[in-house]
Amino acid sequence: MEPDIWTKSYPTPKLKEPVAVVGSPGLRSIGKLVVDRLIAQTQAQLIVEVYSKHLPSNYQTTPSYAPHPSLPGFGGAFVESGTVDLPKVQIYACPNPPLVFARGYHPNFQGQYCVAQKVLDSLGDIGVKRMIVVAGFGSKEKKICCAAHNQKSIDEMKKFDVGVGYKGPFMGFSGLVFGLAKLKEIEAVCLFVSTEPVEEDLEFPDQEGAGRAVDLLLKMLGLSKA
């Protein structure tokens with residue numbers, strides 16, 4: 001039987017206890033924008049791609065991070081500039097400082113757990129024991145709040161003037177990775193970045209909100225501004 005999920009691996013630099021940053025196209029696509037900017041700034045290299053029949057090329061749900069059991073989406077590929085590609089989750093690595101970036105993609109309802117598990121297995125194989133997840137939440141205030149697996153991590157965020165604040169569901173790929181990481185003994189913090197929803201397109205990119213998150217992450221990770 002053909003597998004529901006599989007990976008493709010590339011040469012991986014030596015990494016000592018890398019910290020992972022995870023983001024996906026959630027509310028206002030803040031998580032994906034942040035990961036894309038950090039990949040570009042650190043010139044991280046692609047090391048793992050995760051493919052699955054549960055990753056649709058076209059969603060039947062709006063937004064894409066709200067899967068429905070009766071709406072699995074449509075299978076297919078993407079064509080651009082004469083080349084073809086499949087939907088996938090991508091993992092990048094930077095050796096100095098040791099960082100890993102996971103650019104998420106929302107599976108359908110049936111595959112959301114197995115895709116999140118596969119990504120966490122890949123991160124564990126790389127040696128990731130700490131993770132920062134980035135996502136947006138609806139608010140007119142310009143702020144960032146956090147959630148974590150333990151009180152110690154929440155207390156550590158206070159030195160960056162970040163406290164708790166968001167309460168509610170955390171849907172989609174990033175939410176499942178954040179939750180399941182606790183079962184994998186990967187210590188995780190989530191940065192919830194305030195953003196005003198655009199009702200016509202909840203995933204419409206918020207560059208300003210992503211910029212606030214990037215500035216915070218540069219401090220947390222000891223990186224210089226580009």
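Just so you know, all these numbers are worked out from the coordinates, no wet-lab data involved. Small disclaimer: the values here were computed from a predicted structure and weren't measured. Cβ atoms come from the backbone with ideal geometry, glycine included; neighbour counts cover every protein chain shown.
General observations
- Where strands (runs of 3 or more DSSP E) sit wholly within segment 51-115, those with at least 3 residues that are of a type outside the set (K, R) and under 14 Å from the mean Cα position of the chain (by Cα) occupy 89-94, 99-103.
- Any hit, segment 152-162, residues being crowded, with 19+ Cβ neighbours inside 10 Å, in contact with a Cys (Cβ under 9 Å, 6 or more places away or on another chain) and within 23 Å of L38 (Cα to Cα): yes
- Answer from E80, E17, E49 - the residue that is over 14 Å from R103 (Cβ atoms) and in contact (Cβ under 8 Å) with a residue 40 or more places away in the chain: E17
- Whichever residue in segment 122-143 is in contact (Cβ under 8 Å) with a residue 60 or more places away in the chain and in a helix (DSSP H, G or I) and, among such residues, is nearest to I5 (Cα to Cα): S122
- Out of K152, K184, K159, K225, sole residue that is farther than 19 Å from A93 by Cα and either touching a residue at least 60 places away in the same chain (Cβ under 8 Å) or in a loop (DSSP other than H, G, I, E, B) (or both): K184
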